[in-house]
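Visitor: Here's a structure for you.
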Amino acid sequence: MNHARTYILLAAMTGLFLAIGALLGGQGGMIIAFVIALAMNAFSYWNSDKMVLRMHGAQEVDRDSAPEFYDIVAQLANNADLPMPKVYIMDNPQPNAFATGRNPDHAAVAATTGLLEMMSREQVAGVMAHELAHIKNRDTLTMTMTATLAGAISMLANFAMIFGGGRGRNGIGLIGTIAIMILAPMGAALVQMAISRTREYAADRLGAEISGRPMWLASALEKMSRAAGRIDNPSAERNPASAHLFIVNPLSGKRADKLFSTHPDTANRIAELQKLADEWGTPGARKQVSPLHNAGTGPWDPRRQRPAGPWE
């Protein structure tokens, strides 16, 4: 159902893009804009992961430099039947994380130092399972496509004065042009945010299946949501277009499940995870998936040189 809704929303955004192109420039203008959009999509497909990691100052780590964190991601990737993604750490006090990459073979997960310092090992595992769920569902590519289409629609809106400002063949006039300039980007943003919220719920569920413990993620979401409200994320504030990539909204003042929110309400997400734990009939556990050894409830050192014990 979530995938069907995502495809419908993508089709709606594509239809909006084509309709605006036809209104502003007729068939010729639509073709030109479509070619530009294709070029933008191609560039994003090959380079979006590098761009977003660079803009957030992410540094790649391995088993030698961050053994516990790396091994958690490795075990979760094995649970999810995914290739091992590249692993990054961002020097950022806000507890948060995201995944990026065009497909599972070219994927990366990134966590902030705030996440690794404030969360228990179980909570970190719950968060990273969620990010691997985005990779398995190919949400990273979907969100790149929607962001690019939204950008293309905004580009068309900026062209409105050139293509539709007068009594041209489309007859939209000045008022119609102004309406397109205002409403088109707003409509694209609404669709983009609806897709983002839909994919978050799907990743929560699949992430819980990957880790085997829905309440690991639920407890992490509650703690991250509280912290995000009081700890700034400077790189995200500088690059708000990337906010939808993070597991919780990194921008200040946008935590509610509102029309222009990029993320679902945290309380709603926790409630869904609690329902899932209840369905499985145990305190968040799922058969055939074992918890981390030596998993405590307090902070842990992600860069500790002595690796933690293996998962069973």
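Visitor: Select from the range 226-263 the residues that are modelled with pLDDT of 85 or more and in a loop (DSSP other than H, G, I, E, B) and write down the one among them that is farthest from SER44 (Cα to Cα).
Guide: ARG230
Visitor: Being within 18 Å of the chain's Cα centre (by Cα) and at pLDDT below 70: is that true of ASN47 here? Please lay out each step first, then the result.
Guide: Details: within 18 Å of the chain's Cα centre (by Cα): yes; at pLDDT below 70: no.
For ASN47, the condition - within 18 Å of the chain's Cα centre (by Cα) and at pLDDT below 70 - is not met.
Visitor: Name the residues in the range 116-171 that are small (Gly, Ala, Ser) and modelled with pLDDT of 90 or more, would you? Write out each step before concluding.
Guide: Start the filter on the range 116-171 by keeping residues that are small (Gly, Ala, Ser), which leaves 120, 125-126, 129, 133, 147, 150-152, 154, 157, 160, 164-166, 168, 171.
Hits for the range 116-171 are SER120, ALA125, GLY126, ALA129, ALA133.
Visitor: Between VAL109, VAL87, which is in contact with a Pro (Cβ under 6 Å, 6 or more places away or on another chain), assigned to a strand (DSSP E or B), surrounded by 15 or more Cβ atoms within 10 Å (Cβ to Cβ) and at pLDDT 95 or above? Working first, answer last.
Guide: Details: VAL87 fails: in contact with a Pro (Cβ under 6 Å, 6 or more places away or on another chain).
So the residue among VAL109, VAL87 that is in contact with a Pro (Cβ under 6 Å, 6 or more places away or on another chain), assigned to a strand (DSSP E or B), surrounded by 15 or more Cβ atoms within 10 Å (Cβ to Cβ) and at pLDDT 95 or above is VAL109.
Visitor: Counting only residues that are loosely packed, with under 14 Cβ neighbours inside 10 Å and assigned to a helix (DSSP H, G or I), which one in the range 50-78 is modelled with the highest pLDDT?
Guide: Among residues in the range 50-78 that are loosely packed, with under 14 Cβ neighbours inside 10 Å and assigned to a helix (DSSP H, G or I), the one modelled with the highest pLDDT is ASN78.
Visitor: Given (1) modelled with pLDDT of 95 or more; (2) touching a strand residue (DSSP E or B) at 6+ places or on another chain (Cβ under 7 Å), where does ASP81 come up short, assuming only one miss?
Guide: Condition (2) is where ASP81 drops out.
Visitor: Right, next: For the range 14-21, state whether one or more residues are within 24 Å of ALA99 (Cα to Cα), surrounded by fewer than 15 Cβ atoms within 10 Å (Cβ to Cβ), of a type in the set (Gly, Ala, Ser) and at pLDDT 70 or above.
Guide: No - not one qualifying residue is present in the range 14-21.
The values are calculated or read from the model by the stated rules, or taken from the named source; none is laboratory data. Just so it is clear, the model here is predicted, and its values are computed rather than measured. Counting neighbours? That spans all protein chains shown, and the Cβs are built from the backbone with ideal geometry, glycine included.
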